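Participant: Here it is, the structure, as C-alpha cells.
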Amino acid sequence: MLPKRAEFPKDFLFGAATSSYQIEGHGFGGAGRTHWDDFAATPGNVVRAENGALACDHYHRWPEDFDLMQAAGFDVYRFSSSWARVMPEGRGAVNAEGLDYYDRLIDGLLERGIKPALTLYHWELPSALADLGGWRNRDIAGWFADYTQVLMQRIGDRVWSAAPINEPWCVAWLSHFLGHHAPGLRDIRATARAMHHVGLAHGRAIEVMRGLGIGNLGAVCNMEYAAPANGSAAAAAAASLYDGYYNRWFVSAMFRGEYPADVLQGLGPHMPQGWQDDMATIAAPVDWVGVNYYTRKLIAPAPGPWPAHHEVDGPLPKTAVGWEIYPEGLEFFLRRTAADYSGDLPIYVTENGMAGADVLRGGVVDDTPRIDYLAQHLAAVQTVIAEGVPVKGYFTWSLMDNFEWAHGYEKRFGLVHVDFETLQRTPKASYHALKAALLRRV
Ligand code: GCO
C-alpha cells in the first residue's frame, strides 16, 4: 500500500520524471545529431543498436502524456530539454522549432496546473561538440552557458524550477571511465577533466540563470549506497573511495567548494591545470538539491591501478536491471545530504523507481513489485521527514517506459506502459495506485 498524500506535509510535492532523449523522438523537429546517436550506431553499445529517434514520440503525443499526469494528481513534472534540439550544432544557430516546442510544453503543463521542473542537460551532447572533445574540453562550460542563456531567455519566466545537469557522475564517470554511456571512453585523464568541467558548466549555468532573474535553481546528483563486500578493513576502504567519487565529489564541490581528498589522490594528477580557480564558480549558491536514488553496491578491493576495487553481486532482491532494492540507502543519503552539505535547503528526491518485468495482458499491467518499491522508498522519505530532514518532494522515475540508454527499449521503468510498435500508452497498476494515493487528501 502506498502512503496517502495526507500522510506527508501539506507542501510536499509529488512528481514524475522523464528526459528528452529518452521520450521525445529525437528525429523530429530539426534537432541536431547527438553523441547518443553515434554511440548507439556503434555495434555492441546498445541492445539491438536502438536509439532515441522515435522513442515515445512525446514530441507529438505530449498532450496525452500530460493529461495522464494531471489525471493522476501530480503536482510537478521533471523533464529535460535537449541541447541539440535548441542548438543543432551545440553552438551558433538556434533551431526555432526547438524553442517553440519547449514553449508549448511549458504552457501545456501550466494549463493543466502542473509545475514545470526543467533540467537543461540529460546526456544527449550535440555531436559537433563531441567532435571538439565534449566534456573533456574546458570550453564546454561556456558553450553550455550560452545554450542556457538562449533557452532560458525564452522559457525561464515560466519554469517552476531549473537544474543545469542531470547526474554529473553519469556524465563524467559512467561515460568516460566505465565507458557504459556515450561517448564510451575508458580513460582516466578524460574522466578527471569531465569530473571537473561538468561542475564548472553547472556553476556557469547557475550564474546565467541568476543573471536572467530566474529563481528556484538546483542541482541533481545521483547517489548509490556503497557497502563493503565483507568485514575487512580493505573492503571498508574500497567502499569509502567508491562513495567518494560517486556520491561526495559533486556535492562537496557544489556546497563546500572543495573536492574530497581521498578522490583527489587518484584523480589529482589527471586534473586540468588551474582547476582550483574554478571552485568558487562550481559552488555558486543554489536553492535546493535533488537526490536520484535507486540502489546500493557491494564493493571489494581488486588488484590493478586506482581505484583498485570492483562491484560484487549482492544478496538482496533485485529489479529487472539487477539492482538490489535497498530503501535504507535513500534514508542515509537524505540525512547525510542535509547534515554535511545542503543544511536547511529543500531536498527533493528527483528520481526513484525500478525496472520491472512488466507485461501487458488484456489491457492490464500488474506491476505489484513497483508499487512495493515505491511504498518502501516513500516510507524512507517519511522516516527522515519525521527526523526533521527538509525533504520537500518526491519524483518517480519514470512517467512512462522509454529508451533506457544502453538497455534500449528492453527495460521498463514507467508508471505507464508504452507499446513501442504502436506507441499506445496503458497506465500500469502502479499508476492507478499512485493516483489513488495522491487524490486522497484526507
Ligand atoms: C537517471 C537516469 C535515467 C535512467 C534511470 C534508470 O537520471 O538516472 O537519468 O535516465 O533512465 O536512472 O536507469
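Participant: Quick check: is even one residue across region 277-288 over 25 Å from Arg138 (Cα atoms) and either among the aliphatic types (A, V, I, L, M) or under 22 Å from the mean Cα position of the chain (by Cα) (or both)? Let's see the steps before the verdict.
Facilitator: Step one: of region 277-288, the residues over 25 Å from Arg138 (Cα atoms) are 287-288.
Add one more test, that the residue is either among the aliphatic types (A, V, I, L, M) or under 22 Å from the mean Cα position of the chain (by Cα) (or both), and what stays is 287-288.
Yes, region 277-288 contains a residue that is over 25 Å from Arg138 (Cα atoms) and either among the aliphatic types (A, V, I, L, M) or under 22 Å from the mean Cα position of the chain (by Cα) (or both).
Participant: Residue pairs, Cβ under 8 Å, 6 or more apart or interchain, first in region 144-162 and more than 20 Å from Pro285 (Cα to Cα) and touching a residue at least 12 places away in the same chain (Cβ under 8 Å), second of a type in the set (S, T, N, Q) and buried (at least 23 other Cβ atoms within 10 Å of the Cβ). List them.
Facilitator: Once the first residue is more than 20 Å from Pro285 (Cα to Cα) and touching a residue at least 12 places away in the same chain (Cβ under 8 Å) and sits in region 144-162, its partners that are of a type in the set (S, T, N, Q) and buried (at least 23 other Cβ atoms within 10 Å of the Cβ) give Leu151/Ser81.
For every residue, the table says whether it meets (1) at pLDDT below 95; (2) closer than 20 Å to Phe79 by Cα; (3) among the small types (Gly, Ala, Ser).
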position	(1), (2), (3)
Asp344	no, no, no
Leu360	no, no, no
Thr368	no, no, no
Ile371	no, no, no
Leu378	no, no, no
Thr383	no, no, no
Phe395	no, yes, no
Gly414	no, yes, yes
Asp419	no, no, no
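Participant: Which of (1) buried (at least 18 other Cβ atoms within 10 Å of the Cβ); (2) part of a loop (DSSP other than H, G, I, E, B) does Val321 not meet, given it meets every other one?
Facilitator: (1)
Participant: Just to be sure before I move on: is Gly203 within 25 Å of Val76 (Cβ to Cβ) and either in contact with a Gly (Cβ under 9 Å, 6 or more places away or on another chain) or within 16 Å of the ligand (Cβ to nearest atom) (or both) in the structure I sent? Full working, then the answer.
Facilitator: Numbers: within 25 Å of Val76 (Cβ to Cβ): yes; either in contact with a Gly (Cβ under 9 Å, 6 or more places away or on another chain) or within 16 Å of the ligand (Cβ to nearest atom) (or both): no.
No.
To keep it simple, each residue is scored yes or no on (1) crowded, with 20+ Cβ neighbours inside 10 Å; (2) touching a Phe, Trp or Tyr at 6+ places or on another chain (Cβ under 8 Å); (3) more than 26 Å from Arg296 (Cα to Cα); (4) of a type in the set (D, E, K, R).
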{"position": "Met195", "(1), (2), (3), (4)": "yes, yes, no, no"}
{"position": "Arg204", "(1), (2), (3), (4)": "yes, yes, yes, yes"}
{"position": "Met209", "(1), (2), (3), (4)": "yes, no, yes, no"}
{"position": "Gly215", "(1), (2), (3), (4)": "no, no, yes, no"}
{"position": "Gly244", "(1), (2), (3), (4)": "yes, no, no, no"}
{"position": "Leu264", "(1), (2), (3), (4)": "no, no, no, no"}
{"position": "Leu267", "(1), (2), (3), (4)": "yes, yes, no, no"}
{"position": "Met271", "(1), (2), (3), (4)": "no, no, yes, no"}
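Participant: Of the conditions (1) over 23 Å from Gly329 (Cα atoms); (2) free of Cβ contacts under 8 Å to residues at least 12 places away in the same chain; (3) of a type outside the set (Val, Ile, Thr), Ala233 clears all except one; give me its number.
Facilitator: With (1) over 23 Å from Gly329 (Cα atoms); (2) free of Cβ contacts under 8 Å to residues at least 12 places away in the same chain; (3) of a type outside the set (Val, Ile, Thr) applied to Ala233, the lone miss is (1).
Participant: Among the residues of region 284-304, is there at least one that is more than 16 Å from the ligand (Cβ to nearest atom), of a type outside the set (Phe, Trp, Tyr), in contact with a Gly (Cβ under 7 Å, 6 or more places away or on another chain) and not in a loop (DSSP other than H, G, I, E, B)? Please lay out each step first, then the result.
Facilitator: So in region 284-304, the residues more than 16 Å from the ligand (Cβ to nearest atom) come out as 284-288, 298-304.
Now restrict to residues that are of a type outside the set (Phe, Trp, Tyr): 284-287, 298-304.
Next, only the ones that are in contact with a Gly (Cβ under 7 Å, 6 or more places away or on another chain) stay: 284, 286-287, 298.
Still in the running and not in a loop (DSSP other than H, G, I, E, B): 298.
Yes, there is a match, as at least one residue in region 284-304 is more than 16 Å from the ligand (Cβ to nearest atom), of a type outside the set (Phe, Trp, Tyr), in contact with a Gly (Cβ under 7 Å, 6 or more places away or on another chain) and not in a loop (DSSP other than H, G, I, E, B).
Participant: Any chance you could count how many residues in region 112-134 are touching a helix residue (DSSP H, G or I) at 6+ places or on another chain (Cβ under 7 Å), within 16 Å of the ligand (Cβ to nearest atom) and hydrophobic (A, V, I, L, M, F, W, C)?
Facilitator: Here the count works out to 3.
Participant: I've got another one for you. How many residues, within region 295-312, are crowded, with 20+ Cβ neighbours inside 10 Å and out of contact with any strand residue (DSSP E or B) (no Cβ under 7 Å at 6 or more places or on another chain)?
Facilitator: 1
Participant: Within the bounds of region 150-157, is there any residue that is surrounded by 21 or more Cβ atoms within 10 Å (Cβ to Cβ), farther than 20 Å from Leu212 by Cβ and of a type outside the set (D, E, K, R)?
Facilitator: no
The values are calculated or read from the model by the stated rules, or taken from the named source; none is laboratory data. None of the values given here were measured: they were computed from a predicted structure. As a convention, Cβ positions derive from the backbone with ideal geometry for all residues, glycine included, and neighbour counts pool all protein chains shown.
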